[in-house]
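The values are calculated or read from the model by the stated rules, or taken from the named source; none is laboratory data. Predicted model, so just to flag it, every value in this text is computed and none were measured. Because the Cβ atoms are built from the backbone with ideal geometry, glycine has one as well, and the counts that use them run over all protein chains shown. Keep in mind that these areas ignore ligands, DNA and RNA; they rest on the heavy atoms of the full protein, side chains included. Shrake-Rupley method; radii C 1.70, N 1.55, O 1.52, S 1.80 Å.
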Amino acid sequence: MVCNLHDIDIKRLSNIFDADNEDTFISIYLDLNDPNGEKFLEKRRKACRTTLHGKRDLVNNFDATYERALELVGVGKKEKGRGAKSVLIFASVKNDLFEVQTLGVTVDNLMVVDTSPYIRPIARLRDEWETFGLVIVDQQHFQIYVVSCGSVETEERLKKDIMNKHTKGGWSQARFQRLRKNAIDAFLREAAATTEEVMQEEGIARLVVAGPGHAKNDFIEELHPKIQEAVTGVFDYSQKSPAHDAVERAVEMVSDEEKEDSDMAVENLQAEILRNGLAVYGLKETRDAVAQGKAELLLVSKDLKVGGWICEKCQLTSPGARSECPICGSTTSEVDVIEEIIEFAERMDTDIEFVADNEVLQGLGGVAALLRYK
């Protein structure tokens, strides 16, 4: 079954690691529409196995884990006909982890062998593809779509026959119009109540409303004030037009809004830095703030990677090279320090914003955080 990206328990995955600092986890992100996907995996298998040469236990675990991972890839491929575009695998024989997820969005092919599941692509996808609600409404038709990864996950509909012609003898035109308006108002209130229920159940924070004429604005007025604040965009649309056209336009509006949010986050960071307020920047300072739970929002340049090491026993990580942990003396593992900071953020319920092509953030080292407290 194709899953909602936001249903993946990324926090739980961020808390899984090999306490012996051994590279025993295989994480696979595979584009199901790529005809060279299997060749990619085989090439990565050979490279990783060669790198582990001479470490018998790790090679044995790798071979067994990779074989099981391929079985899970096969499970994921069966969902291709049901809308799956990619499959995610997290596996480790040693640590008894075998998980498969299929998504309705395309991912770049990737296979990582590490001391923990590699979650950065999920975190980035969740930031780029926020689940939102799309309402298409007129005076007697209502549809709400839950849109995730650019496609519809679920939908609900309401329809009501509202009297359109004055045919009842003895009724004045004024009375007829009053009754018709009352019927429309009741229908829009029902539609608003349904919208609020769906948004609460699905954890939706943004809403786009489409429809003809004044109906969409009348509908918005029926929403609770807090839900009104969640309305990201409004546009004219006919119930007779294809729904996928409305979905595409809504996705564009939400993407533009998310870009504005990203820019605003950097502006807030600048303001806090200037007043020496609730902000840190640079690799070490940001890592420490996130690991200690002080960070409210982590800002990361999208393609930033920093080579370093980690001691999984002490959860100490730093850039550069080091073979032994300075605290406990355990053997360390090579890692991308940014990936480790992202894992810390997920564990601490810190929001993450991946920022593209921003000179300010890049000038601050590519990573920074807005703080809850100092």
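How much area per residue is accessible in region 34-168 when the probe is 1.4 Å and only protein heavy atoms are counted (Å²)?
51 Å²
So what is the accessible area of region 275-331 per residue, in Å², with the probe set to 1.4 Å?
Each residue of region 275-331 exposes 51 Å² on average to a 1.4 Å probe.
Averaged over all directions, how much area does the convex hull of the C-alpha atoms of region 248-374 cover when projected, in nm²?
Hull-based average projected area comes out at 8.6 nm².
Arrange the peptides 121-131, 320-330, 3-13 so that the one whose residues have, on average, the most other Cβ atoms within 10 Å appears first.
121-131, 3-13, 320-330
If you project the alpha carbons of the chain onto the principal axes, what extent comes out on each, in Å, largest first?
Sorted from largest, the Cα extents of the chain read 95, 55, 29 Å.
Please report the carbon-and-sulfur percent of the accessible area for the chain; probe 1.4 Å, protein heavy atoms only, DNA, RNA and ligands left out.
Accessible surface attributable to carbon and sulfur in the chain totals 47 percent.
Which three extents, in angstrom, do the Cα atoms of region 255-296 have along their principal axes, listed largest first?
Result, largest extent first: 32, 22, 15 Å.
Return the loop-located trypsin sites (Lys or Arg not before Pro) in region 173-270 (DSSP other than H, G, I, E, B) with at most 11 other Cβ atoms within 10 Å of their own Cβ; answer none if there are none.
240
Measuring from centroid to centroid over Cα atoms, what is the spacing of region 257-321 and region 173-249 in Å?
Here the answer is 39 Å between Cα centres.
Note down the nm distance, to one decimal, between modelled labels 7 Å out along Cα→Cβ at residue 77 and at residue 181.
6.4 nm
Tell me, what is the percent relative contact order of region 30-93, built from C-alpha pairs under 8 Å that lie six or more residues apart?
RCO, region 30-93: 46 percent.
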